[in-house]
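Notes follow once the structure below has been shown.
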C-alpha cells in the first residue's frame with residue numbers, strides 16, 4: 001500500500017486552473033522528486049497536501065487514510081511534515097525554540113531530547129547557534145533549522161519545497177547528503193519539490209514532471225536523467 005496516493009486532484013484560484021487531474025503515488029521509504037518550471041503548480045500541490053489549499057476535486061490518501069477533510073495541524077500529527085519555501089522560521093525565536101515548536105506535532109513528547117540530539121548530529125552548526133534568534137542566521141543555517149524543526153515532529157513523510165533556493169552550492173550538497181541520511185537512518189519518505197531538476201533527480205529514486213498543472217512524465221530518476229526532452233527542457237543539454 002502506498003504511503004501517499006493522490007488521484008484526480010484539481011485546484012483552481014478563481015477561474016485559473018492550477019492543478020489538473022494530478023495523480024501520483026509515493027511508497028514507504030522512497031525519495032520522490034516533483035520537478036518542473038517555475039509556475040508549474042509544484043508549491044500549490046504541496047500546500048494542498050498539507051491542507052493549506054482546498055482542492056476542487058480529487059482524493060488524497062495518507063498512510064491508508066483519506067485526509068481531505070483533515071485540518072492541517074491534524075495532518076501534521078498523522079506524520080506529514082513540510083519544509084516550506086523560504087524556510088518560514090519564527091524569526092523572533094531562537095533556533096532551539098523553533099526546534100521545540102516542531103515537536104508539538106509529534107505523536108508524543110517523550111522523544112524530544114533524543115530528536116534534538118539527532119538534529120544536532122545532522123547539523124552540528126546548530127549546537128553553537130541554538131540560542132541565536134533564527135532571523136539572524138544565514139540562509140543555509142535557516143534551511144538547516146527548518147529541516148530540523150520538521151524532523152522534530154517525527155514525520156513519516158517530509159515535504160521539502162525548493163531545498164536549494166538561494167543557497168551556495170556547497171550548502172546545497174551538504175543538505176542533499178542530510179536528506180539521504182534522514183531517509184536511510186530514520187526511514188522517512190521524502191517528496192522533494194525542486195526547480196533544480198538535475199539535483200532533485202540525483203537525490204530521488206523516482207520523479208514526476210509537472211507542467212502547467214499536469215503530470216506529463218514519470219519514471220525512475222536514472223531514466224529521466226537520460227531522456228533527451230528532459231535534458232533539453234530542464235538541464236540545458238542537447
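The values are calculated or read from the model by the stated rules, or taken from the named source; none is laboratory data. Since this is a predicted model, take the numbers as computed values, not measurements. Reconstructed Cβ throughout: ideal geometry from the backbone, glycine too, with neighbour counts over all protein chains shown.
Key figures
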{"read-out": "Extreme residue, farthest from residue 34 (Cα to Cα), among residues of the range 183-199 that are touching a strand residue (DSSP E or B) at 6+ places or on another chain (Cβ under 6 Å) and assigned to a helix (DSSP H, G or I)", "value": "183"}
{"read-out": "Among the candidates 76, 37, 81, residue that is at negative phi and surrounded by fewer than 20 Cβ atoms within 10 Å (Cβ to Cβ)", "value": "37"}
{"read-out": "The range 203-234, subset out of contact with any helix residue (DSSP H, G or I) (no Cβ under 7 Å at 6 or more places or on another chain) and in a helix (DSSP H, G or I), residue surrounded by the fewest Cβ atoms within 10 Å (Cβ to Cβ)", "value": "228"}
{"read-out": "Long-range neighbours under 6 Å by Cβ, at least six apart or interchain, first residue closer than 12 Å to residue 152 by Cβ within the range 80-101, second loosely packed, with under 15 Cβ neighbours inside 10 Å", "value": "98/90"}
{"read-out": "Matching residues, the range 105-135, being modelled with pLDDT of 90 or more and over 24 Å from residue 173 (Cα atoms)", "value": "131, 133"}
{"read-out": "Among the residues listed as 8, 28, 91, the single one being at pLDDT below 90 and either within 22 Å of residue 151 (Cβ to Cβ) or part of a strand (DSSP E or B) (or both)", "value": "91"}
{"read-out": "Qualifying residue in the range 36-50 (condition: within 26 Å of residue 178 (Cβ to Cβ), assigned by TED's automatic domain parsing to the domain that holds residue 225, touching a residue at least 12 places away in the same chain (Cβ under 8 Å) and assigned to a strand (DSSP E or B))", "value": "no"}
{"read-out": "Residues located in the range 67-88, provided they are modelled with pLDDT under 90, assigned to a loop (DSSP other than H, G, I, E, B) and touching a helix residue (DSSP H, G or I) at 6+ places or on another chain (Cβ under 8 Å)", "value": "84, 85, 87, 88"}
{"read-out": "Qualifying residue in the range 136-148 (condition: at pLDDT 90 or above, surrounded by 20 or more Cβ atoms within 10 Å (Cβ to Cβ), under 15 Å from residue 186 (Cα atoms) and under 21 Å from the mean Cα position of the chain (by Cα))", "value": "yes"}
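Residue-wise test of (1) farther than 16 Å from residue 30 by Cα; (2) surrounded by fewer than 20 Cβ atoms within 10 Å (Cβ to Cβ); (3) touching a residue at least 40 places away in the same chain (Cβ under 8 Å); (4) not assigned by TED's automatic domain parsing to the domain that holds residue 122.
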| position | (1), (2), (3), (4) |
| --- | --- |
| 166 | yes, yes, no, yes |
| 176 | no, yes, no, yes |
| 188 | no, no, no, yes |
| 191 | no, no, yes, yes |
| 197 | yes, no, yes, yes |
